[in-house]
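The values are calculated or read from the model by the stated rules, or taken from the named source; none is laboratory data. Keep in mind it's a predicted model, so treat the numbers as computed, not measured. Note that each Cβ is placed from the backbone with ideal geometry, even for glycine, and that neighbours are counted across all protein chains shown. To get the accessible areas, we keep the full protein, side chains included, count just its heavy atoms, and leave off ligands, DNA and RNA. Shrake-Rupley method; radii C 1.70, N 1.55, O 1.52, S 1.80 Å.
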Amino acid sequence: MKIVAAKLHRVRLPLVHEFRTSSHGKSMLDHILVELTDESGAVGWGEVASPSDPFYAPETVESCWHLGERYLVPAILGKEWERPEQLSQLWAKVRGNQFAKSGLDTAGWVLWATINCVPLAEALGGTRTEVVAGVSLGIEPTIDDLLTEVERHLAAGYPRVKLKIAPGWDVEPVRAVRSAHPDLDLHVDANGIYTAEQSDHLKALDEFGLTMIEQPFAPRDLLAHANLQRQIATPICLDESVETLEDLETALSLQAIRVLNIKVSRMGGLTRARAAHDRAHQAGIPVWCGGMHEFGIGRAANVALSSLPGFSLPSDVSASAKYYAQDVITPPVIATQGVVQVPKAPGLGHDVDTAFIAQNAVATIELTS
Ligand code: OSB
Ligand code: MG
């Protein structure tokens with residue numbers, strides 16, 4: 001098959017609740033929706049879920065748009081391919097730029113699954129019929145606000161809560177949530193804000209029975225992660241540190257990792273995300289699927305990925321409604337008592353609401369072969 005046309009839609013949606021991490025806060029998001037069309041007229045959608053600013057990863061919405069238009073779409077347009085894994089080979093020369101690559105790779109998988117009439121999850125080799133969702137809660141103005149947010153999501157049935165932490169918002173909020181909910185599956189995520197010199201402070205988190213401490217140190221500081229892991233019982237989970245399979249290999253070899261957060265975006269698409277799952281599973285490292293506040297298209301891809309057998313911990317695949325009043329897919333992703341059903345329909349398993357996308361697009365471009 002051949003891709004004969006590619007459209008990029010930059011779509012802006014407001015968040016229902018402002019989200020604050022150790023680096024910044026957000027109340028609306030611009031994601032790039034990728035629409036690939038093959039010679040038979042079949043369409044596959046993907047999502048570039050890059051944050052606008054280069055604070056999580058070096059990429060931005062503009063850099064992703066540029067990479068898509070200038071390098072990635074031209075690399076695949078008009079080329080013959082049989083399997084979605086081949087798309088990433090076509091842009092293999094392009095270094096980094098994982099979020100930009102991820103949107104195209106996912107669209108290729110969705111196109112392939114659609115044409116072959118199989119659900120995306122099955123195309124990937126997924127075996128679960130439902131996946132358990134956890135929620136990620138941002139930094140709130142006060143501990144009382146945080147406790148209210150925790151209660152609200154527990155009442156909705158989510159069985160796992162992750163808290164964003166940062167210097168000045170770590171031990172005390174964790175202590176408060178833990179004493180209110182002694183048995184909760186609770187974990188924290190620092191998005192790499194601490195330095196190795198602050199390790200002693202982080203050790204204070206070891207007494208709260210957390211399921212994991214996610215990415216305490218800067219992405220490239222694998223040694224700091226390995227050193228802290230030797231001194232605490234709580235498993236260290238890596239997110240930003242693992243962008244490639246080689247990063248994962250290094251982290252395993254340094255014993256800097258006991259849990260892996262797999263993000264489709266950060267790994268550069270479903271092909272590499274699945275390969276990271278396979279490697280971690282083989283190494284006995286449990287994985288879960290992290291999120292980037294995806295709109296429905298990226299969210300559905302996360303659900304499909306989470307159906308693979310090694311995803312044994314709850315994933316950040318909360319319902320669309322946690323973030324958006326209206327989503328770009330129908331039906332939206334729904335969680336019932338914290339559980340999301342893996343769609344059985346072919347392709348993405350949801351209809352893409354092209355009218356809603358057009359209404360909320362701030363830019364669109366079409367490239368043809
Ligand atoms: O580290 O997981 C993260 C959002 C933006 C940047 C980084 C992260 C996050 C999340 C979002 O935690 C979780 C979700 O999409 O539900
Ligand atoms: Mg994280």
Open item on the list: For the chain, take the longest principal axis of its alpha carbons; what is the angle in degrees between that and the long axis of helix 296-306, to the nearest 10 within 0 to 90?
Closed with: 70 degrees
Task: Alpha carbon convex hull of region 206-258, projected area averaged over orientations, nm² - done: 3.2 nm²
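Can you give the direction-averaged projected area of the convex hull of the alpha-carbon atoms in region 239-314, in nm²?
Details: hull surface 17.7 nm².
Here the figure is 4.4 nm², rounded to one decimal.
Treating only the Cβ atoms of Lys and Arg (+1) and Asp and Glu (-1) as charged, compute the dipole magnitude of region 228-369 about its Cα centre; round to the nearest 20 debye.
Numbers: 10 positive and 13 negative charges, 83 e Å.
In total the dipole reaches around 400 debye.
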- [ ] Please list the non-local residues whose amide H lies under 5 Å from the amide H of L163, H modeled 1.01 Å from N, same-chain partners needing a gap of 5 or more.
- [x] L137, H187, V188, D189
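Calculate, for R83 and R12, the FRET efficiency according to 1/(1 + (r/R0)^6) with r their C-beta to C-beta distance and R0 35 Å; round to the nearest 0.05.
Working: r = 34 Å, r/R0 = 0.97.
In this case the efficiency is close to 0.55.
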Task: Compactness of region 122-341 - radius of gyration and Dmax, Cα, Å - done: 16.6, 48
TODO: With a point put 7 Å past each Cα toward its Cβ, work out how far Q337 is from L147 in nm, to one decimal.
DONE: 2.8 nm
Task: Distance between modelled label sites at T368 and S199, nm, 7 Å Cα→Cβ extension - done: 6.0 nm
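What does the accessible area per residue of region 122-341 come to in Å², with a 1.4 Å probe and no ligands, DNA or RNA counted?
Roughly 36 Å² per residue, with all protein chains present.
Explain nothing, just the number: dipole magnitude of the chain about its Cα centre with +1 on each Lys and Arg Cβ and -1 on each Asp and Glu Cβ, in debye rounded to the nearest 20. Before the final figure, lay out the partial values.
Values: 31 positive and 45 negative charges, 103 e Å.
It works out to roughly 500 debye.
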Open item on the list: Could you sort the peptides 166-178, 109-121, 342-354 by per-residue average Cβ neighbour count (10 Å cutoff), highest mean leading?
Closed with: 109-121, 342-354, 166-178
- [ ] Could you give the spread of the C-alpha atoms of the chain along their three principal axes, from largest to smallest, in whole angstroms?
- [x] 58, 41, 36
Task: Unit charges on C-beta of K, R, D, E only; dipole of region 122-341, Debye - done: 480 debye
Task: Long-range HN-HN contacts of K263 with modeled amide H, under 5 Å - done: G290
TODO: Hey, could you get me the Stokes-Einstein D for region 1-144, Kirkwood radius over alpha-carbon pairs, 10 °C and 1.306 mPa s, rounded to whole µm² s⁻¹?
DONE: 95 µm²/s
Task: Label-reachable residues, region 111-143, where backbone N falls under 11 Å from a point 7 Å from A180's Cα toward its Cβ - done: 142-143
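Suppose only helical runs count, i.e. DSSP H with n ≥ 4. What mean residue ellipticity at 222 nm does that imply for the chain under -39500 (n - 2.57) per run, divided by all residues and rounded to the nearest 500 deg cm²/dmol?
Details: 13 runs with 119 residues, N = 369.
Mean residue ellipticity, 222 nm, calculated: -9000 deg cm²/dmol.
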Task: Added length on full extension, which subtracts the Cα-Cα distance from 0.36 nm per residue, E62 to K26 - done: 11.3 nm
